[in-house]
Amino acid sequence: MNRQLLKKITGNQLFIPLLALILLALINLIADPSFFKVTLGTNNAGNPVLSGSPITILDYGSELAILAIGMTLVTAASGGQDISVGATIAIAGSVMLRVLCGTNTRPDTIQAPIIVAFLVACLVGMLCGAFNGALVSIFKIQPMIATLIMFTAGRSIAAWINNNELPIVPDPKFQYFGGFIPGIPIPTTVFIVILCVIVMSLVLKFTNLGLYTQAVGINEKSSRLNGINPTFIKFITFVILGLCVAVAALIKVSRIATINYSVIAKDIEMDAILAVALGGNSLSGGKFNMWASILGAYVIQFLTTTLYKFNVQSDALAAYKAVVVIILVVFSAPKVREYIGQFTKKLSSGKAVKGEAK
Amino acid sequence: MLEMRGINKSFPGVRALQNVDFSLNKGEIHALMGENGAGKSTLIKVLTGVYSKDGGTINLDGKVVSIHSPQDAQNLGISTVYQEITLCPNLTVAENMFIGRGKGQITNWKKMNTDADKILQKLDIPAKATQQLASCSIAVQQMVAIARAVDMNCKVLILDEPTSSLDELEVEKLFGLMRDLKATGVGIIFVTHFLDQVYEVCDKITVLRDGQLVGEYEIKDLPRVKLVAKMLGKEMDDLSDIKGEKGTYEGKDQDEKIFEAEGLQSNAGIKPFDFYIKKGEVNGFTGLLGSGRSECVRAIFGADRVIGGKVKVHGKEVKINGPLDAMKNGIAYLPEDRKIDGIIGDLSVRDNIILALQVLKGFFKPFSKAQAYAFADEYIKKLNIKTASADTPIKSLSGGNQQKVILARWLLMHPEYLILDEPTRGIDVGTKVDIQKLVLDLASEGMSVTFISSETDEMLRTCSRLVVMRDRKVVGELSGEDLTQAKIMSTIAGGD
């Protein structure tokens, strides 16, 4: 019975990312127990805020977690990945600033309500997604090649939208989204992620998005013969990812109230893809587990924060990260998981035989 | 030459092989028979090193050998040609024959090509060394696979359902090749579902059932009826006339034409054709492989793009622009190629069963989990689908059970008109009869069914009207007294 339980646990897709989280937590606990200390202080504006490494992880992992949602769907349906999310964040962020600041880069007040700016950014994000999606689903271009176009052009387009100037949003309210709402000590980004997760789970529960994307990702021909429109399903996953990109852009731009076209969300697409892989999802499409991908995103952020705590230089960070990532990815590979599964089975059958002998 | 003794193999929840013995002599064609899930494939995979055995011994030429990988098996001279061709279609015939053998053959292109041509000539295979494999017919591709095996000095050649995608002429050619190989002393293990073929080429038969050995027989000692009985584990008048037992549908509306097509044409290269089916009728398309049978039903279902013609459902003209339109009009279609067009491999049996009805119900109205399980359990029971649970991925089921799941998917939709394209291909005799009976049952309850099969006797047993195809054209229609093997053959062949 115990063995069965063990097998059930190790067989679960959440096992690897959870194990990684626990291991990282243990390492930190042993190295420096104060890692987990969360203190309540006040920020420059005099509002109460929580601070400490766990809060940092939750806060800065937000963009990645939101992107992981969209990336999981794109991966499942198309069997490929969107490598343009960083560049489209730049576009969506730039659009947001353009709407908020107008033509003047240093306005005294915002020129349009924040919600309008956000909705326009959502529309632009979804349009970018639609562009990628159309290339992939209608013209049958490999996702990575199709999104290479946006990847290459995105940051230039973003700079062009604001004439290569860097507008600064004057309204402190705009910074609430990437920071704190006065009186609430928990980072706003945490609430945004929770909201996204709730919306996504409602979508998965009350529509057939999950079933259809998986069916299309596993067997497109057969899905079509069952009345599913694979072209549309692939297209729509890219549009959903575009929406996720707009939300991530809101957080990113809000954090600094301005934008840096060449640096904003740089390399985030790789981390987003990695989050999907860490969640044990096949990068060639098919079955997926959304929650495992989101956990994967936080594992990556946990790792980054841990490395900073160990005073790893920021130049060397990528190399350290790569080592850990290799280990994690190998462990979450289906082949290895199968092997682990067999191993635990052997253990249990060995025990069963002994039991019979008695 | 080859002796397998007391082979055991278990999978989670199943004992796939229990104490199975098998032996093969030099220059012998030995049929391995059994229903789906009897353990044929497992035994072969143990022999070829795909699975490792849990117990038992394998002797080759009197020596105990241990086989841990397909490479080991190949080195020992055990070669396999699978049902699905496992060669590379974009390489040439010669490259396919020599790839993966090392020793630098493949770098000397000229020598490789002449060597390949020699072998092809010797085995009388109609292909050129420099030809791209994809440009050969399936049968020739299969022969190339065999040529590859033979040239690697194989002692034991395993043919796993090699004939299921071949037409009769091609099968004859393949048999010729097998007899030639037999004469040179190669031992051949032949796995097939076609009884005729067994009696045509084999010397011995080994029968497995439920993972156990039933026995080994000389072909002359085991008449067909007995073989079927051994496979099923019960005496049964297997292929008797089942049509007579079932009543036909006798509602008031039995003359109503459920579906009518006029000048229907799709982009799959068939000539425009007229077609109709009445309520409670079972009809069929017959013709040789490639005559356009499947293309016709695909056009009806909208699986290929319809480019012309009128379609009426219940006498009302409708447009069918895709599978979903057909489904909304109560038409269901079980496709010919289960693996490519039917199953969604990684999804559970449950999801595979509910899929069509779910799609019909709509994107925003998913079934509750309980409802989905109820549907799945109902049909698992009804069609006697052998699966560990409703959550098992469909790809881990045996072929016949996969087919039943796909059938369940469409029956769950309660269609008025069900199209079955080769529903019994690659399926054991027991399931075949089950499916045929089911078809007649459904028809007697008022469902209209179009049935396509390569096996004419199967069509004769189920259909009351046959549309005959030749060269992508409808060339005739047979019903009543004309429904005989001879009449069908002559219509297919053309002329009187």
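Read-outs throughout are calculated quantities, based only on the coordinates presented, and are distinct from any laboratory measurement. Predicted model, so just to flag it, every value in this text is computed and none were measured. No Cβ is skipped: glycine too gets one built from the backbone with ideal geometry, and neighbour counts run over all protein chains shown.
The figures follow:
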{"read-out": "Shielding by partners - mean other protein chain Cβ count within 10 Å, residues of B:358-365", "value": "5"}
{"read-out": "Theoretical ellipticity at 222 nm over chain B - DSSP helices of four or more residues, -39500 (n - 2.57) apiece, nearest 500", "value": "-10000 deg cm²/dmol"}
{"read-out": "Residue pairs, from the table B:45/B:432; A:234/A:321; B:40/B:487; B:310/B:473; A:140/B:339; A:346/B:432, whose Cα atoms sit over 27 Å apart", "value": "A:234/A:321; B:40/B:487; A:346/B:432"}
{"read-out": "Descending semi-axes in whole angstrom, ellipsoid equivalent of the protein assembly as shown, from the Cα gyration tensor", "value": "56, 35, 26"}
{"read-out": "Net dipole in debye of segment B:254-360 [+1 Lys, Arg Cβ; -1 Asp, Glu Cβ; about Cα centre; nearest 20]", "value": "120"}
{"read-out": "Which of A:212, B:199, B:417 has the fewest Cβ neighbours within 10 Å, and the rest in rising order", "value": "B:199, B:417, A:212"}
{"read-out": "Antiparallel %, DSSP beta bridges [both residues in the protein assembly as shown], to 5", "value": "60"}
{"read-out": "Packing-based exposure ordering (other Cβ within 10 Å, fewest first) of B:472, B:305", "value": "B:305, B:472"}
{"read-out": "Test item: Cα-centred dipole of chain B, Lys/Arg +1 and Asp/Glu -1 on Cβ, debye", "value": "1320"}
{"read-out": "Sorted peptide list for A:179-186, A:32-39, A:154-161, criterion being average Cβ within 10 angstrom, highest first", "value": "A:154-161, A:179-186, A:32-39"}
{"read-out": "Span from the segment A:276-291 Cα centroid across to the segment B:135-186 one, whole angstrom", "value": "41"}
{"read-out": "Filter on B:128/B:220; B:53/B:386; B:257/B:437; B:122/B:395 - keep pairs with C-alpha separation over 28 Å", "value": "B:128/B:220; B:122/B:395"}
{"read-out": "Dipole-positive endmost among A:9, B:474, A:298 within the protein assembly as shown (Cβ charges, Cα centre)", "value": "A:298"}
{"read-out": "Partner aspartates and glutamates for residue B:155 [C-alpha distance under 16 Å; skip if fewer than 8 residues away on the same chain]", "value": "B:3, B:28, B:61, B:72, B:180"}
{"read-out": "Taking chain A and dividing mean pair separation by its residue count, relative contact order in percent (alpha carbons under 8 Å, at least six apart)", "value": "30"}
{"read-out": "Burial ordering of B:410, B:109, A:291, fewest other beta-carbon atoms within 10 Å first", "value": "B:109, A:291, B:410"}
{"read-out": "Only Lys, Arg (+1) and Asp, Glu (-1) charged, at Cβ; the protein assembly as shown dipole about Cα centre in debye", "value": "2260"}
